[in-house]
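Computed from the coordinates by the stated procedures, all read-outs in this text should not be read as laboratory data. This is a predicted model, so every value here is computed, not measured. Here the Cβ positions follow ideal geometry from the backbone for every residue, glycine too, while neighbour counts run over all protein chains shown.
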Amino acid sequence: MESQTQYIREEINSTIWEVPEKYTRLKQIGTGAYGSVIGLLDVFTPAAGLDDFTDFYLVMPYMFTDLSKVKGLLTEDRVQFLVYQMLCGLRYIHKAGIIHRDLKPGNLAVNQDCELKILDFGLARHAEAEMTGYVVTRWYRAPELTQIMRVTGVPGPDFIQKLDSQEAKSYVRSLPHFPRKDFSKLFPRAGAHAIDLLEKMLVLDGETRPTAESALTHPYFDGLRDPEDCPEPQPYDDSHDNATLPLEDWRRLSFKEVKSFVPFPRRDSKRRNTLTISP
């Protein structure tokens with residue numbers, strides 16, 4: 001007979017958490033698998049049955065901080081290692097058919113050993129389901145795109161013709177003529193390979209921009225590249241992504257998922273890393 005799990009109660013940031021005794025030294029962390037993608041170590045609920053099921057908890061690897069909180073300039077070898085890990089993670093989720101849609105420093109967690117994990121898949125979607133006309137008509141509204149055009153320059157007529165939305169075409173044509181800036185002057189501390197990679201990655205046209213997988217073959221990563229860093233992902237089950245179910249059905253499915261959870265075996269890196277990072 002399975003022994004009953006004992007739970008303890010702890011208050012963190014004015015919230016009471018009821019967790020198994022094996023989880024100690026709880027602390028508040030940021031919002032939140034394979035190596036460079038945050039993994040799920042455990043999921044549990046204090047509820048004994050469906051009738052009292054109201055909460056469940058996700059247990060993830062502890063990460064020291066995120067890139068938005070790292071102060072000061074990073075050396076080029078650290079930048080190189082962080083970008084390499086980010087691209088490994090992106091390759092992994094893209095191979096699984098997922099687009100993150102909210103990649104930013106605050107969603108890139110790092111630890112003291114300069115190891116990086118992609119966090120927060122709250123806006124992530126299955127790639128095929130997301131490639132709709134709605135997105136095409138909305139993409140240009142992001143102010144970040146106007147900002148990046150001030151660096152990369154406004155795309156030419158060949159790219160504009162590829163846009164499905166007449167609104168998007170009109171918007172791009174209405175932009176002032178931003179000339180492409182010299183990346184070597186924008187990033188004077190970066191080496192030639194880093195500049196070349198940036199110039200290739202910061203291109204609006206997805207047909208000419210390298211994928212995460214092809215970017216990893218760039219000479220910038222020649223000293224880091226390891227086939228073990230690029231495993232194939234597990235198939236993604238999207239059977240419930242667009243389902244419309246009553247609340248009680250979602251509750252039942254969630255409870256079943258929590259109780260049947262079996263984590264994938266952890267894949268720890270064998271890389272001997274001498275880099276460190278501090279906030």
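How big is region 160-271 in terms of Cα radius of gyration and Dmax, in angstroms?
Rg and Dmax of region 160-271, Cα atoms, are 22.4, 58 Å.
I'm checking a number: the convex hull volume of the Cα atoms of region 71-229, normalised per residue, in Å³. What is it?
Details: hull volume 21.9 nm³, N = 159.
It comes to 137 Å³ per residue, whole-number rounded.
Of the GluC sites (Glu not before Pro) in region 186-240, which ones lie in a loop per DSSP and count no more than 15 other C-beta atoms within 10 Å? Mind dumping the intermediate values first?
Working: sites: Glu199, Glu207, Glu213, Glu228; in loops: Glu207.
In loop regions of region 186-240 (DSSP not H, G, I, E or B), the sparsely surrounded GluC sites (Glu not before Pro) are Glu207.
Take the cross-link list Lys71/Lys104; Lys95/Lys200; Lys104/Lys259; Lys104/Lys200 and give me the ones stretching past 24 Å between alpha-carbons. Could the numbers behind the result be given before it?
Numbers: Lys71/Lys104 16 Å; Lys95/Lys200 21 Å; Lys104/Lys259 33 Å; Lys104/Lys200 19 Å.
Exceeds cut-off: Lys104/Lys259.
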